[in-house]
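The values are calculated or read from the model by the stated rules, or taken from the named source; none is laboratory data. No experiment lies behind these values; they were computed from the predicted model shown. Here the Cβ is made from the backbone with ideal geometry for all residues, glycine too, and neighbour counts use every protein chain on show.
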Protein chains: 2
Amino acid sequence: MDDVELPENIALAWGLRDRSSRGPKRSLSLEQVVATGIQVAQAEGLPAVSMSRVASELGVSTMSLYRYVPTKHDLLDLMVDTAFGPPPPPRAPDEGWRPALARWGEGNLVALRRQPWMRHVAISGPPINPNQVRWFEYGLLALRGTGLRATERISTIMLVSGYARSWAMISLDLAEAAARSGQTPDEVGLRYWRNLAVLTAPGPYPAIHELLAETFDDEEHPDEEWRFGLERMLDGVEMLIRSRASGPARG
Amino acid sequence: MDDVELPENIALAWGLRDRSSRGPKRSLSLEQVVATGIQVAQAEGLPAVSMSRVASELGVSTMSLYRYVPTKHDLLDLMVDTAFGPPPPPRAPDEGWRPALARWGEGNLVALRRQPWMRHVAISGPPINPNQVRWFEYGLLALRGTGLRATERISTIMLVSGYARSWAMISLDLAEAAARSGQTPDEVGLRYWRNLAVLTAPGPYPAIHELLAETFDDEEHPDEEWRFGLERMLDGVEMLIRSRASGPARG
DNA sequence: CTTTACTGCGTAGACCATACGCAGAAGCTA
DNA sequence: TAGCTTCTGCGTATGGTCTACGCAGTAAAG
């Protein structure tokens, strides 16, 4: 394997660093560093994750960490990759693409919800770290044999994972804002609608006023809205797959 | 209007601060501060936007800015709201919901592309600042009279804007990564696929290998993939709207 | 035993946001 | 006109952040 060609961060993530045996033994492992970072992030949020904080948690000095990780952002990338964990079970042999892809999307959401700090780590590129690649694989697996082209399969997967990510972002942001202000999420929502009503009262906002006039429970079931978007996307994909299946000569 | 009840940041964004005339005249306006922040962000990226940087750009001291803005993040929110600018034209009287919503989604993408730094500012909640509210209004306008319920209209809009945002994120991230490494985006893409091939070679990644084996141009048209996802989502929404129209008694 | 490579880490530099309080300016009131 | 009040800009200071650099010591190779 061409370890040499791979960038440092990728080699690190895949455990492909050629370690010569000379010199003192390391007192830590990369896994320990990453795990400690995750622990701090989970307990006190991403802002609490500083190099000095992680170091002191491990009982070493700040600069020691740079023997394990080239830069802080590489540490964050590694943290995200391990915290995401493995994807949910792949499509079973007799399973259709749709429930498999739905489970995959749901898995994305669950992972982000379980480790809420992850949503604040910017995605640095296409999936290249071990768990990311596994997720990628399972996503593609769901779409195997659907007649979708390569770029279409990729786009579909990105569509679903992007939706999970943005959904996790806004729902978690709202929940945290509520927690910070010591109110229930319902109260925060109510206050929002009231503020919006006050601000839009003088101006020409017919659609918003129409919305506000409509009685709506604003979260009957918490995840019903998530489901709504997911089903819409899957419906759209299904339309395409069906049209391909009925008239494949056209492609 | 109940200015009193509104939080500071919102009152600020809508220009509803009761300014008594006592004391020295201010040497700046909030608009100037925000505009300067945008200027710095546009020219040198979001990390370059520090309070001291914006202040020195305006020829005042760092701490003076805090007379205009309660906290840095409020400044960022205001920057995003004004930089987003007004939405594209709303649905015309004889226009269908679909082209209107497509234009709206495309507008989101265009805005984020024009001011790429905006994607790094975390969304702090539901739309409440002036331009955000205008965008919200126009999005809802597109879905007027489609038979979708209130929560469904909101979910649909969030689906589209979330997609635009995540698409902008990954496409801009890749472009910037390419620019940083002095390569063309194509070269970066090629290198990625090669790395992925190397890393997945030993393991069980059938779907990825299948993908890699398929010849694909990987961006014939740059925005074809964006279009793909958008059309899928709109197809899904259209299915729902059609089903509602044909059997409304069911709802 | 020397050479070599690697370790942890102390120091220091260059940033960052923002709490606090002061001097002076400008309007309102007497 | 005098004084009070309020608001401005800003100097100072606190307590962080990441990380470049270089040194002392360790452990294996020759």
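Just to check your reading of the model, which residue among B:ASN108, B:ASN129 is in contact with an Asp or Glu (Cβ under 8 Å, 6 or more places away or on another chain) and within 14 Å of chain A (Cβ to nearest Cβ)? Lay out the reasoning, then the answer.
Working: B:ASN108 fails: in contact with an Asp or Glu (Cβ under 8 Å, 6 or more places away or on another chain).
None of the others qualify; the one that does is B:ASN129.
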Total residues in region A:88-108, condition farther than 17 Å from A:VAL237 by Cα and surrounded by fewer than 20 Cβ atoms within 10 Å (Cβ to Cβ): 6
Checklist (1) more than 9 Å from every other protein chain (Cβ to nearest Cβ); (2) out of contact with any Phe, Trp or Tyr (no Cβ under 8 Å at 6 or more places or on another chain); (3) in a helix (DSSP H, G or I) applied to B:VAL160, failing item: (2)
Candidates B:ARG144, B:ARG165 - the one that is assigned to a helix (DSSP H, G or I), of a type in the set (Lys, Arg) and in contact with a helix residue (DSSP H, G or I) (Cβ under 9 Å, 6 or more places away or on another chain): B:ARG165
Region A:51-82, subset more than 12 Å from DNA strand C (Cβ to nearest atom) and among the polar types (S, T, N, Q), residue farthest from the other protein chains (Cβ to nearest Cβ): A:THR82
Which numbered condition A:LEU16 misses (of (1) within 14 Å of chain B (Cβ to nearest Cβ); (2) free of Cβ contacts under 8 Å to residues at least 24 places away in the same chain; (3) surrounded by 13 or more Cβ atoms within 10 Å (Cβ to Cβ); (4) within 9 Å of DNA strand D (Cβ to nearest atom)): (4)
Residues (closer than 22 Å to B:GLY139 by Cβ and of a type in the set (S, T, N, Q)) located in region A:168-219: A:SER171, A:ASN195, A:THR200, A:THR215
B:LEU75 vs. criteria within 16 Å of DNA strand D (Cβ to nearest atom) and at pLDDT 95 or above: yes
Boolean, A:LEU46 is within 12 Å of DNA strand D (Cβ to nearest atom) and within 14 Å of chain B (Cβ to nearest Cβ): yes
Boolean, A:VAL133 is part of a helix (DSSP H, G or I) and surrounded by fewer than 18 Cβ atoms within 10 Å (Cβ to Cβ): no
